[in-house]
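Have a look at the structure below before the remarks.
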Amino acid sequence: MRRLSILAALLAVLSFSGCKASLFGDSEDVKAKQAALEAEAKKVEAEKAAKEAAAAEEAKRAEAEKLAAAEAGADQKAEPAAEETQAPSDQAVEDPLLVNFEQRLEKAGFGPLARETLLPDLLGGLDECNAPLRTKISFEKGYATMGRYPDAAAAKKCLDAYVKMPGADKYKHLYTLHGVYMLELHPRMEAKDMSAIRAQFEATVAN
């Protein structure tokens, strides 16, 4: 009986020892796993923070580029405005003879009229034909263009250069010079209409 009691006690001790080992083993494993999970979480958090910092830096850089582009665009828009505030060109100043010529054309039966500046285009695209005023007056039968040059010599130099262009000599009859002014006529108008317009042009610039 005593022997059985000793064996039972021994088995109880061995069982307790095995359980203790199992408990401690499990505890250490859980701690190791928990530590690994915490390390992984810290790593993910660090990567997330790095990505957020990079995104914030990228957004900051994009905003800076956007502001720089907007400022550059504002500067480009401001430059033409500055040029426009300079002294007005001769083209912007109404030429009284141009107005008089229009009125004469209307009285001669060529109305209604429409006015259109041809600048910065030049007659024949020639540098010699640079003029401060070149305005086309359109009407049902065609058009008449009145140009004003810096001086009479400049007007003649322009016309001489133009008629020397290939094929332009045959249109010489469409142009009339009077001092600083040049009349250009529509090539398809009838001869009587051309004569009537020339008469009004001569009467205008002769005064």
Ordering of 149-160, 108-119, 174-185 by packing [mean C-beta count within 10 Å, highest first]: 174-185, 149-160, 108-119
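For a 20 Å ceiling on Cα separation, which of these pairs sit above it: K141/K192; K31/K51; K107/K136; K107/K170?
Numbers: K141/K192 12 Å; K31/K51 30 Å; K107/K136 18 Å; K107/K170 30 Å.
Among K141/K192; K31/K51; K107/K136; K107/K170, the Cα-Cα distance tops 20 Å for K31/K51; K107/K170.
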Approximate spin-label separation K156-V99, in nm, with each point projected 7 Å along Cα-to-Cβ: 3.1
Inter-label distance for K60 and A108, nm, one decimal - labels placed 7 Å from Cα along Cα-to-Cβ: 7.4
For region 162-176, Karplus couplings with θ = phi - 60° (6.51, -1.76, 1.60), whole Hz, Gly/Pro x: 5, 5, 7, 5, x, x, 7, 4, 5, 9, 4, 5, 7, 10, 10
³J(HN,Hα), Karplus 6.51/-1.76/1.60, whole Hz, each residue of region 183-188, x for Gly, Pro: 9, 10, 10, 5, x, 9
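We did not get these values from a lab; they are worked out from the coordinates using the rules stated. Values in this document were obtained by computation on a predicted structure and should not be read as measured data. With ideal geometry, Cβ positions are generated from the backbone for all residues, glycine too; neighbour counts draw on all protein chains shown.
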